[in-house]
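Let me begin by presenting the structure, written as structure tokens, before commenting on it.
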Amino acid sequence: MPPHRANNFDALRLFAALLVIWSHQFALMGDAPPLIFSNEPGALGVVLFFGISGYLVTQSWVADPNVRRFALRRALRIWPGLTVLVLLSVFVLGPVLTELPLAEYFGHPATRQHLLNLVLDTHISLPGIFASSPHPGSLNGPLWTIPLEVGCYVALALMGSLGLMRWRWYPLLVFVALAAVLQWRYSASPFPEWSFALQYAIIFALGSALSRWDAVWRPHPWITAAMVLVACGLLYLYGPAPLNGQSPLFALAALGVVWGTCCTPGVARVGHFGDFSYGLYIYGFPAQQIIIWYFANQLSFGIALTLSVASALLFAVVSWHAVEKQALRWKPRRPPTPQQSSPPGKVPTST
């Protein structure tokens, strides 16, 4: 087995998934989650995911700027695990958990609509489930972020196919442009629901910009971290609304990327046995809902959270080894360059 990549990203993604689960535990048990810089912890976890994704996916494109291979790699990372989750939800969990007769359950529009998650049309509910819980019917709230993530991939591939990603400044300009749109459109009005797409696109663009400039800052990560804190602190104190309110999220995403590129002893080996973060993210919410429903919401917060994390982790491990890892074996490899494929001492010839 080849040595595991020496960085902190696997550990950071696990931490982000656990933040999301911890945050949802409050709401699913009928309590208000705590706020950190005016944001729920789950939102901070999603910010980390998008910042890391912007960084790593941009590196993937720059290393192999081919639309077909890029699209296939992204699809193999998202859809196999998602497909198994959706089919398991509709054809196993739903029939077991619903209070409706099976004929009525399978004939219900919400059951068919849940299958549309496979084409990124988000539907989080199934009919007749968790009727006595604080959030009846809801099976998988976090699925709404997956279309946003895929949308960022599409935008990156489009810019890359136009040749714009070869210009190091371009992702930074995208970040500034999106931030300007946020400032112009929403400074005097409440954020509509779809504005989350813009917010997370900004975070993805920030990760992408850090990727294109990593040769500059990576030799000095702690100096970079200090500069990020100073810049975001100034924006927080003196910047225009709503950008000043977003500055803690910018700082979190940037610091996450900086720390993720480091190799902390012990931490860098967290992903040695597998990358379980995606599975934790997509199975956490159903596990929480099932445990809350089964115990009639009578467990203490700590016990319910522990059981939820343990159950979601079990599903995540199975998902990684049985589904995700197997699918990733089909990832296309970048064709070797003529220099790589030619024997030593031979000048490569064109074909």
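The values are calculated or read from the model by the stated rules, or taken from the named source; none is laboratory data. Since we're looking at a predicted model, the values are computed, not measured. Every residue, glycine among them, receives a Cβ derived from its backbone with ideal geometry; neighbour counts consider all protein chains shown. Side chains included, ligands, DNA and RNA excluded: accessible areas come from the protein's heavy atoms. Shrake-Rupley method; radii C 1.70, N 1.55, O 1.52, S 1.80 Å.
The figures follow:
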| item | result |
| --- | --- |
| Hits in segment 266-284 (condition: surrounded by 24 or more Cβ atoms within 10 Å (Cβ to Cβ) and over 13 Å from the mean Cα position of the chain (by Cα)) | Tyr283, Gly284 |
| Filtered residue count, segment 291-328, keeping only those that are touching a residue at least 40 places away in the same chain (Cβ under 8 Å) and either under 15 Å from Trp79 (Cα atoms) or part of a helix (DSSP H, G or I) (or both) | 19 |
| Residues that are assigned to a loop (DSSP other than H, G, I, E, B) and under 20 Å from the mean Cα position of the chain (by Cα), drawn from segment 132-158 | Leu139, Asn140 |
| Close pairs from segment 93-111: first open to solvent by 80 Å² or more (accessible area, probe 1.4 Å), partner among the basic types (Lys, Arg) and modelled with pLDDT of 95 or more, Cβ under 9 Å, at least 6 apart | Phe106/Arg112 |
| Members of segment 213-257 found to be open to solvent by less than 40 Å² (accessible area, probe 1.4 Å) and of a type in the set (D, E, K, R), listed by number | Asp214 |
| Matching residues, segment 55-81, being open to solvent by 40 Å² or more (accessible area, probe 1.4 Å), among the hydrophobic types (A, V, I, L, M, F, W, C) and either in contact with a helix residue (DSSP H, G or I) (Cβ under 8 Å, 6 or more places away or on another chain) or free of Cβ contacts under 8 Å to residues at least 24 places away in the same chain (or both) | Leu56, Val62, Val67, Ala71, Trp79 |
| Selection from segment 224-250 of residues that are in a helix (DSSP H, G or I), among the hydrophobic types (A, V, I, L, M, F, W, C) and more than 26 Å from the chain's Cα centre (by Cα) | Val230, Leu234, Leu237 |
| Looking only at segment 306-337, and only at residues there that are farther than 26 Å from His123 by Cβ and open to solvent by less than 40 Å² (accessible area, probe 1.4 Å), the one that is nearest to the chain's Cα centre (by Cα) | Leu328 |
| Per-region count, segment 32-54, residues open to solvent by 30 Å² or more (accessible area, probe 1.4 Å) and modelled with pLDDT of 95 or more | 1 |
| Per-region count, segment 94-139, residues farther than 20 Å from Tyr294 by Cβ and among the β-branched types (Val, Ile, Thr) | 3 |
| Residue within segment 249-268 that is of a type in the set (S, T, N, Q) and under 14 Å from Asn8 (Cα atoms) present | yes |
| Filtered residues of segment 48-82 (kept if among the aromatic types (Phe, Trp, Tyr) and more than 11 Å from the chain's Cα centre (by Cα)) | Tyr55, Trp61, Phe70, Trp79 |
